[in-house]
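Novice: Input: one structure, supplied below.
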Amino acid sequence: MWYCVCRVPKWGNSTKELKKGTPCPVMASRSYANLLDLASGDLLDIPRTPRALPRVMTIPGIISDLDGYGCNDGDSDVSSSGYRERKIIVANMLPLQAKRDIETAKWVFSWDEDSILLQLKDGFSSDTEVIYVGSLKVEIDLCEQDAVAQRLLDEFNCVPTFLPHDLQKKFYLGFCKQQLWPLFHYMLPICPDHGDRFDRTLWQAYVSANKVFADKVMEVINPDDDFVWVHDYHLMVLPTFLRKRYNQVKLGFFLHSPFPSSEIYRTLPVRDEILRGLLNSDLIGFHTFDYARHFLSCCSRMLGLDYESKRGHIGLDYFGRTIFIKISPVGIHMGRLESVLNLSSTSAKLKEVQEEFKGKKVILGVDDMDIFKGISLKLLAVEHLLQQNSDLRGKVVLVQIVNPARGFGKDVQEAKNETYLIARRINDTYSKNNYQPVILIDRPVPRFEKSAYYAVAECCIVNAVRDGMNLVPYKYIVCRQGTARLDESLGRKSDSPRTSMLVVSEFIGCSPSLSGAIRVNPWDIDAVADAMYAALTMSDSEKQLRHEKHYRYVSSHDVAYWANSFMQDLERACIDHYTKRCWGFGLGLGFRVVSLSHGFRKLTIDHVVSAYKRTNRRAIFLDYDGTVVPQSSISKVPSPEVISVLNALCNDPKNIVFIVSGRGRDSLSDWFTSCQMLGLAAEHGYFLRWNKDSEWEASHLSADLDWKKIVEPVMQLYTEATDGSNIEIKESGLVWHHQDADPDFGSCQAKELLNHLESVLANEPAVVTRGQHIVEVKPQGISKGWVAEEVLQTMVNSNPPDFVLCIGDDRSDEDMFETILRTVSLPSAPEIFACTVGRKPSKAKYFLDDTGDVVKLLQGLAASSNPKPRHLAHFQVSFESSV
């Protein structure tokens, strides 16, 4: 039976029961099917999961086909007629609580109202349907999975991913917690006792699990209309699977953990696969600019990608697609926290805590038992505070609430042992009568009790050595503000001044947002102790000002604001999806999509040869590096194969063939000495020669090159300051190369050099351009486009061309494409083929994949030529007569 899921799930404490042992047919699933399409290596031998969930029914009686997973055209198979806006939220865990009733043996499900995934719905419009895809926190028996899946879909709009136990263990506790989590928190496995070394079987489990999640999304998605929002480091290659199936899927990703610097991240053996996985998103979100900057640096250093800011938005150009980067710290759910403060149990607990610590100043810490949370460093700072300030002994209490550890292992146990050891030492030294300076609460603490401690604490300290965001300071601020009902129950005036003080580590995501907090280096014990002393002794008026500033920010930048802002930017990032054509290419996890204009297509040999045969006056323009010779080739000398095909084309009396290059004329003369009839344009057209026996002619456009004396000293300064850079001196200009420099520093220096040169050359007849790893200065008016225009105009004056072919691979060749497409006035329209090398955005209408394709195309043309003997003088064209 098919079910329609176009419905908003219920909010609140509703529970749904499913009796244990409900019989269900177990059918084949696609959860692990075709995994080798995108993952290499031997994968886990895992059992099949129950039957797939039905695709959404958007029109009564019409249900989309579930087959066709191999289809890669990116077209939707679901009609969007009468469609309702939907968001698909994908995360490791569903925002659900699950437990089995002991008496009835039934499964009981309810919303986890503390989950940020559930709370972010407040940022969407009321008529938006939200579907969740993720795992349950409990393991469901195989015979119950199908019925549980259908019940969760019907009642909660949740699609569970039932990972087999072994896969779940290797995926989450293995790769996620033992390898990604430590690395993203700057912990390298330098030795076996300091973290786990990379294990490829765990990586394969990670890929397998991501494939399962992707398959579940595919079962419910309408790719033309739905937005998919993937959360956190558990699912960083999932975008690759979705992008492979639906080239134009609207996909956002948000990383809730830190992203490490490139020096740390580059140690990961699967670094490129994960980067490319993230780049298959349309929008990638980070909590802070530091995290985003590290990601961009990794993309630059490892994938050679540059980024730029466009009207306030950071964008990465990735094969014609612009991947946007968003910096947006997450917030808290104000309503949820205030509802807890309004509970009678909260006010009762608050009164109890106030009585317990009457006459004392409470410093509060709330942390997971984790090696990165810095609990032991915090305790050492408290110990130092008491040592240095005897007047605080008996008056200051640290209440440290320890949340249960999310991971397991000896690191967690060692951190716990150290915490208890230091706490015991402090208490043994400074305890007296009813005073205990450190109180550890190492048990599950209900929300109302935590809120009571937040409300009573004069200072909250978050001392993590590395953390993604950490919302403890936000919760503390809201609890210190209180609510009208809480004020009433406590007998407190609603207009009484509120104060709060925060000591936060500079290594946590919320630190930049809290400008009134005292920021500390958690490793500097003395500085942390001094910060706590300053927080405790600060005047109430100053505390009040800081609190008010923080509360304004926290209350206005809540979780709804964060979710709405992210989704607005995701919509903006996807706005041009259907204005371009998409091609998917690449094997395994290296898959990516090229996005290009609709008229852009591959130039086939048959197509161009057909036009070539029926024409009689042809112009052929060829770039050199990256077109007839590979960019990666160490030797730049043309191969015998290239020389042969150029000679064959030049020997056809119907052809005029030109190599148009940025290289100097001496190099081109030497390399093509055996090509009698080949025309050469050197230094982007500043020098031109029609054939071997003609003289090199310099352009009349810019005879004044005195500006070179200004440019060279400036470039020399940057060369001396930038290791790995060098200057190429040409007759008509200069080029500063930084390909061998540090990618980040070289790019930064190139931007600065560009601005510097534009300033000093403002009144000179020269232009400054930036290319791939270069900054070039050349005469005004000189370009490859000018060469094409001059050659074609010369041909028009004698015998107009009826066939024009232009092939190039970089930015300078775009001028040629533009020229042959629009600037030449011809009696009749010729056959024009502007072709770029590589699938990328271009003014050309055609593309070829690489230099091998270029040579094959030229060979096809040469085979169709009918060469006849001719004298060189017949093609001797005076460059001077053409201008």
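The values are calculated or read from the model by the stated rules, or taken from the named source; none is laboratory data. Here the structure is a predicted model, which is why all the values come from computation and not from measurement. Note that each Cβ is placed from the backbone with ideal geometry, even for glycine, and that neighbours are counted across all protein chains shown. Surface accessibility is based on the protein's heavy atoms, side chains included, excluding ligands, DNA and RNA. Shrake-Rupley method; radii C 1.70, N 1.55, O 1.52, S 1.80 Å.
Novice: Go through the residues of the stretch 313-324 one by one and say whether even a single one is more than 14 Å from the chain's Cα centre (by Cα) and of a type in the set (S, T, Y).
Specialist: No, the stretch 313-324 contains no residue that is more than 14 Å from the chain's Cα centre (by Cα) and of a type in the set (S, T, Y).
Novice: Checking E758 against (1) modelled with pLDDT of 85 or more; (2) out of contact with any strand residue (DSSP E or B) (no Cβ under 9 Å at 6 or more places or on another chain), which test does it fail?
Specialist: All conditions pass for E758, except number (2).
Novice: Considering the stretch 715-769 alone, what residues qualify as being surrounded by 14 or more Cβ atoms within 10 Å (Cβ to Cβ) and among the β-branched types (V, I, T)?
Specialist: Within the stretch 715-769, T719, T722, I727, V735, V760, V767, V768, T769 meet the criteria.
Novice: Mind counting the residues in the stretch 522-568 that are polar (S, T, N, Q) and closer than 20 Å to Q387 by Cα?
Specialist: Going through the stretch 522-568, the residues polar (S, T, N, Q) turn out to be 537, 539, 541, 544, 555-556, 564-565, 568.
Applying the additional criterion that residues be closer than 20 Å to Q387 by Cα yields 537.
Residues flagged as polar (S, T, N, Q) and closer than 20 Å to Q387 by Cα within the stretch 522-568 amount to 1.
Novice: Follow-up. So, in the stretch 471-488, of the ones that are farther than 11 Å from V554 by Cβ and over 36 Å from the mean Cα position of the chain (by Cα), which residue ends up surrounded by the most Cβ atoms within 10 Å (Cβ to Cβ)?
Specialist: L486
Novice: Let me ask another. List every residue pair whose Cβ atoms sit under 9 Å apart, with the two residues 6 or more apart in sequence or on different chains, where the first one lies in the stretch 256-276 and is in contact (Cβ under 8 Å) with a residue 24 or more places away in the chain and the second, anywhere, is of a type in the set (F, W, Y) and surrounded by fewer than 18 Cβ atoms within 10 Å (Cβ to Cβ).
Specialist: What qualifies is P258/Y186; P260/Y186; S261/Y186; I264/Y186; T267/F198; L268/F198; P269/F198; V270/F198.
Novice: Now, a different point. Say whether the condition of being without any contact (Cβ under 8 Å) to a residue 12 or more places away in the chain, among the hydrophobic types (A, V, I, L, M, F, W, C) and surrounded by fewer than 17 Cβ atoms within 10 Å (Cβ to Cβ) is met by at least one residue in the stretch 613-635.
Specialist: Yes, some residue in the stretch 613-635 is without any contact (Cβ under 8 Å) to a residue 12 or more places away in the chain, among the hydrophobic types (A, V, I, L, M, F, W, C) and surrounded by fewer than 17 Cβ atoms within 10 Å (Cβ to Cβ).
Novice: Find the residue count for the stretch 791-808, including only residues that are part of a helix (DSSP H, G or I) and either open to solvent by 30 Å² or more (accessible area, probe 1.4 Å) or among the hydrophobic types (A, V, I, L, M, F, W, C) (or both).
Specialist: So in the stretch 791-808, the residues part of a helix (DSSP H, G or I) come out as 791-798.
Of the ones still in play, those that are also either open to solvent by 30 Å² or more (accessible area, probe 1.4 Å) or among the hydrophobic types (A, V, I, L, M, F, W, C) (or both) are 791-793, 795-798.
Here the count works out to 7.
Novice: Within the stretch 570-585, identify whether any single residue is under 32 Å from the mean Cα position of the chain (by Cα), under 19 Å from A844 (Cβ atoms), without any contact (Cβ under 8 Å) to a residue 60 or more places away in the chain and not in a loop (DSSP other than H, G, I, E, B), and answer yes or no.
Specialist: If we filter the stretch 570-585 for residues that are under 32 Å from the mean Cα position of the chain (by Cα), which is where we start, we get 570-585.
This time we only want the ones that are under 19 Å from A844 (Cβ atoms), so: 579-583, 585.
Subset that is without any contact (Cβ under 8 Å) to a residue 60 or more places away in the chain: 579, 581.
Narrowing further to those that are not in a loop (DSSP other than H, G, I, E, B): 579, 581.
Checked the stretch 570-585: at least one residue is under 32 Å from the mean Cα position of the chain (by Cα), under 19 Å from A844 (Cβ atoms), without any contact (Cβ under 8 Å) to a residue 60 or more places away in the chain and not in a loop (DSSP other than H, G, I, E, B).
Novice: Return the residue satisfying two criteria in turn: it lies in the stretch 636-654 and is touching a Phe, Trp or Tyr at 6+ places or on another chain (Cβ under 9 Å) and part of a loop (DSSP other than H, G, I, E, B), and of such residues it is surrounded by the most Cβ atoms within 10 Å (Cβ to Cβ).
Specialist: P638
Novice: Looking only at the stretch 690-719, count every residue that is closer than 16 Å to V791 by Cβ and touching a residue at least 40 places away in the same chain (Cβ under 8 Å) and tell me the total.
Specialist: So the count comes out to 7.
Novice: Then there's this: Give the number of residues within the stretch 761-785 that are over 30 Å from G304 (Cβ atoms) and either part of a helix (DSSP H, G or I) or among the acidic types (D, E) (or both).
Specialist: Total meeting the criteria: 1.
Novice: On to the next question. Which one of these is open to solvent by less than 50 Å² (accessible area, probe 1.4 Å), touching a residue at least 40 places away in the same chain (Cβ under 8 Å) and either closer than 30 Å to G584 by Cβ or in contact with a Cys (Cβ under 6 Å, 6 or more places away or on another chain) (or both): M369, M334, M302?
Specialist: M302
Novice: Six or more apart or on different chains, Cβ atoms under 6 Å: show the pairs whose first residue is in the stretch 387-406 and small (G, A, S) and whose second is assigned to a loop (DSSP other than H, G, I, E, B).
Specialist: Taking only residues 6 or more apart or on different chains, the pairs are A405/M369.
Novice: Considering S496, S500, which residue is outside any helix (DSSP H, G or I), hydroxyl-bearing (S, T, Y) and modelled with pLDDT of 95 or more?
Specialist: The unique qualifying residue is S500.
Novice: Find the residue count for the stretch 305-324, including only residues that are under 17 Å from G252 (Cβ atoms) and open to solvent by 10 Å² or more (accessible area, probe 1.4 Å).
Specialist: Quick first cut of the stretch 305-324, residues under 17 Å from G252 (Cβ atoms) only: 313-316, 318, 321-324.
Still in the list and also open to solvent by 10 Å² or more (accessible area, probe 1.4 Å): 313-314, 321-322, 324.
Residues meeting the conditions: 5.
Novice: Taking the options T823, T851, name whichever one is exposed (fewer than 15 other Cβ atoms within 10 Å of the Cβ), of a type outside the set (A, V, I, L, M) and either closer than 22 Å to D606 by Cβ or at pLDDT below 90 (or both).
Specialist: Checking each option against the conditions leaves just T823.
Residue-wise test of (1) within 30 Å of D196 (Cα to Cα); (2) out of contact with any strand residue (DSSP E or B) (no Cβ under 6 Å at 6 or more places or on another chain); (3) not in a helix (DSSP H, G or I).
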position	(1), (2), (3)
S339	no, yes, no
S347	no, yes, no
G359	no, yes, yes
D367	yes, yes, yes
L380	yes, yes, no
L385	no, yes, no
V399	no, no, yes
V412	yes, yes, no
Y420	yes, yes, no
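Novice: Starting from residues that are out of contact with any Ser or Thr (no Cβ under 8 Å at 6 or more places or on another chain), assigned to a loop (DSSP other than H, G, I, E, B) and without any contact (Cβ under 8 Å) to a residue 24 or more places away in the chain, keep the ones in the stretch 504-530 and report whichever is least open to solvent (accessible area, probe 1.4 Å).
Specialist: As a first pass, look at the stretch 504-530 and keep what is out of contact with any Ser or Thr (no Cβ under 8 Å at 6 or more places or on another chain): 506-508, 510, 513-516, 518, 523-530.
Remaining after also requiring assigned to a loop (DSSP other than H, G, I, E, B): 506-507, 510, 514-516, 523-524.
Narrowing the set further to residues that are without any contact (Cβ under 8 Å) to a residue 24 or more places away in the chain leaves 506, 524.
On the way: E506: 96, D524: 66 Å².
Ranking the candidates gives D524 first.
Novice: Criterion first (open to solvent by 20 Å² or more (accessible area, probe 1.4 Å) and touching a residue at least 40 places away in the same chain (Cβ under 8 Å)) does R811 satisfy it? Give the derivation first.
Specialist: Numbers: open to solvent by 20 Å² or more (accessible area, probe 1.4 Å): yes; touching a residue at least 40 places away in the same chain (Cβ under 8 Å): yes.
Taking the combined requirement at face value, the residue satisfies it.
Novice: Could you list all residues from the stretch 664-700 that are assigned to a loop (DSSP other than H, G, I, E, B) and open to solvent by less than 30 Å² (accessible area, probe 1.4 Å)? Break it down stepwise before answering.
Specialist: So in the stretch 664-700, the residues assigned to a loop (DSSP other than H, G, I, E, B) come out as 664, 672-678, 686, 690-696, 699-700.
Of everything in the stretch 664-700, those that are assigned to a loop (DSSP other than H, G, I, E, B) and open to solvent by less than 30 Å² (accessible area, probe 1.4 Å) turn out to be G664, F672, C675, M677, L678, Y686, W690, N691, S694, S699.
Novice: Going through G491, G586 one at a time, which residue ends up being within 28 Å of K351 (Cα to Cα) and surrounded by fewer than 20 Cβ atoms within 10 Å (Cβ to Cβ)?
Specialist: G491
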